[in-house]
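Each remark here refers to the structure printed beneath this line.
The values are calculated or read from the model by the stated rules, or taken from the named source; none is laboratory data. Because the structure is a prediction, the values reported are computed rather than measured. Cβ coordinates were reconstructed from backbone atoms using ideal geometry, including for glycine residues, and neighbour counts include every protein chain displayed. We work out accessible area using only protein heavy atoms, side chains counted, and drop any ligands, DNA or RNA first. Shrake-Rupley method; radii C 1.70, N 1.55, O 1.52, S 1.80 Å.
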Amino acid sequence: MVPVPGASRIQLWGHPMIARVEMTQRESEVRLPARRSWTVAILLVLGIGLAGLNLRIAVTSVGPILEELTNGLGLSALGAGLLTTLPVVCFALFGGFTPVLARLIGEQRLLLVALCAIALGSGARGFAEPTWLFMVCSAVALSGGAVGNVLLPGLIKRLFPDRVGALTTLYTTAMAVGSALAAALTVPAMHAVSGDWRIVLTGYAAFAVIAAVPWVIVLLGGTSSAAGSSTLSVRRVLGSAMGWQSITYFGTQSALAYILFGWYSQLLRTSGLGAAEAGVQLSYLSALAIPTSLLLPGLAVRIRDQRWIVVACSSCYVVGLVGLGIAPVAAPWVWSTLLGVAMSSFPLALTLFAIRTRTAAGTATLSATSQSVGYLIGGAGPLLFGLAYGATGGWGLSVVIALCAVVANATAGLLIARPRYLEDSLDAQRPRR
């Protein structure tokens, strides 16, 4: 690819690189020092890791104390359902606006704003008395997580183009650790403060405040990416085959994940497993996200064709779900292991945003499009799964629905994982003059 005339020459990790970007001149002017100091590099890496840690805390801290929240706020069944659906709605809604906001104020500034929103929303909802105010504060916190979700893949591509695998590993692993910590510590922390869940939820704001510190230092030091306008729009991605392949892959893996997070324990309990053991199985399944997030992004970046990873994840899903449908309590550790490994399709989906695009602008736009629309698909998964169970009184039809999602996920994954680039695909679609 021929560099854009006037594209800035920058130094990353001490090595020169010509900025090959399909961007306007303004966006290509990234205000980084000619030779970035190790201090700045360490701050950026620390900031990315701490940001990742915070992206799911507002989500996973609610589930373990949902009963206490429902009683304390006087929520109806509909209200509790709305509270558990709120993350998906916020991820879809606010994720879609992220590229526009990033072009206006810059990616790093927007990430700092997102972390401030997480801190403000998490801290305020602990004191929110009316139910509607609690929902609003929760939405503020979740909006920060949604913006961070979309921003980080493109920001990593822009700041560390030669370390995409390592930095994606860092933030996806941090995200998994944050999710697991919030899920595991919320109940013990609540018991430690005499059952006051408000104090616990407010306390999580401290994590976001700490995460904001490296970005404040970087921005005060004048090291920030410039705001600008990209020639790659969400509309163009929505008009491309690769765009919808990425949307479908991300959306179906999200649907499968939400199905397991929401219904796995219940399925095991109604099949004869004790409540405590069912909870252990869900915790084990969720914890497997940590080693897979550590290993998979780096592996995916090193190889040219990621389709075999898609096949491996889909195969684990099929075997795990079929086993769960036929004999759920016969070998729960086996099913949990297979399904937990299969859920590594999530870090793969995030990594594909970067390795299937040539530019940071392409990564950011593909991430925004796939996550905003994909989370709407994801939200339908647990709803259909639960409706099928309620209609039939058994899990057979629900498992079939999950298997259909696996088929759609594998099909889209095999297409989007082919070795090609979004920008090239969009160029090929332009009418010839």
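Inclusion of V280 among residues that are in contact with a helix residue (DSSP H, G or I) (Cβ under 6 Å, 6 or more places away or on another chain) and either open to solvent by 10 Å² or more (accessible area, probe 1.4 Å) or not aliphatic (A, V, I, L, M) (or both) is not warranted. State all residues of the range 357-366 that are more than 14 Å from L101 (Cα to Cα) and surrounded by 24 or more Cβ atoms within 10 Å (Cβ to Cβ); if no residue qualifies, say none. Passing the criteria: T357, T359, A360, G362, T363, L366. Evaluating E68 against the criteria (1) in contact with a Phe, Trp or Tyr (Cβ under 6 Å, 6 or more places away or on another chain); (2) at pLDDT 90 or above leaves one unmet condition, (2). Residue check: is I156 under 30 Å from R304 (Cα atoms) and within 17 Å of the chain's Cα centre (by Cα)? It is true that I156 is under 30 Å from R304 (Cα atoms) and within 17 Å of the chain's Cα centre (by Cα).
On the given criteria, is L384 open to solvent by 60 Å² or more (accessible area, probe 1.4 Å), touching a helix residue (DSSP H, G or I) at 6+ places or on another chain (Cβ under 7 Å) and either at pLDDT 95 or above or closer than 29 Å to I355 by Cβ (or both)? Criteria not met by L384. Evaluate the following for G279: is it small (G, A, S), outside any helix (DSSP H, G or I) and more than 17 Å from the chain's Cα centre (by Cα)? No; evaluated as a whole, the condition is false for this residue. Counting the residues of the range 246-276 that are over 17 Å from S314 (Cα atoms), open to solvent by 10 Å² or more (accessible area, probe 1.4 Å) and among the aliphatic types (A, V, I, L, M) gives 3. (1) of a type outside the set (G, A, S); (2) touching a Leu at 6+ places or on another chain (Cβ under 7 Å); (3) part of a loop (DSSP other than H, G, I, E, B): which one isn't true of L273, the others all being true? Single failed check for L273: (2). For the range 110-133, indicate whether the set of residues that are at positive phi and either of a type outside the set (A, V, I, L, M) or at pLDDT 85 or above (or both) is non-empty. No, there is no match, as no residue in the range 110-133 is at positive phi and either of a type outside the set (A, V, I, L, M) or at pLDDT 85 or above (or both).
Listed here are the residues, each with its yes/no results for (1) closer than 18 Å to T292 by Cα; (2) open to solvent by 50 Å² or more (accessible area, probe 1.4 Å); (3) modelled with pLDDT under 90; (4) not in a helix (DSSP H, G or I).
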{"residue": "G154", "(1), (2), (3), (4)": "no, no, yes, no"}
{"residue": "P161", "(1), (2), (3), (4)": "no, no, yes, yes"}
{"residue": "G165", "(1), (2), (3), (4)": "yes, no, yes, no"}
{"residue": "Y171", "(1), (2), (3), (4)": "yes, no, no, no"}
{"residue": "A174", "(1), (2), (3), (4)": "yes, no, no, no"}
{"residue": "L185", "(1), (2), (3), (4)": "no, yes, yes, no"}
{"residue": "T202", "(1), (2), (3), (4)": "no, no, no, no"}
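Looking only at residues of the range 298-310 that are in a helix (DSSP H, G or I) and open to solvent by less than 40 Å² (accessible area, probe 1.4 Å), we find that the one that is farthest from A255 (Cα to Cα) is G298.
Quick grid of which residues meet (1) outside any helix (DSSP H, G or I); (2) open to solvent by 20 Å² or more (accessible area, probe 1.4 Å); (3) not polar (S, T, N, Q):
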{"site": "T98", "(1), (2), (3)": "no, no, no"}
{"site": "R103", "(1), (2), (3)": "no, yes, yes"}
{"site": "L110", "(1), (2), (3)": "no, no, yes"}
{"site": "A114", "(1), (2), (3)": "no, no, yes"}
{"site": "S122", "(1), (2), (3)": "no, no, no"}
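The test for being within 15 Å of the chain's Cα centre (by Cα) and either under 30 Å from A300 (Cα atoms) or surrounded by fewer than 21 Cβ atoms within 10 Å (Cβ to Cβ) (or both) does not hold for T411.
Against the condition open to solvent by less than 40 Å² (accessible area, probe 1.4 Å) and within 22 Å of the chain's Cα centre (by Cα), how does L295 come out, does it pass?
Criteria not met by L295.
Among the residues making up the range 204-220, those that are open to solvent by 40 Å² or more (accessible area, probe 1.4 Å) and either touching a Cys at 6+ places or on another chain (Cβ under 7 Å) or β-branched (V, I, T) (or both) are V209, I210, V213, V216, I217. Within the range 77-88, is even one residue at pLDDT below 75, open to solvent by 70 Å² or more (accessible area, probe 1.4 Å) and assigned to a loop (DSSP other than H, G, I, E, B)? No: zero hits.
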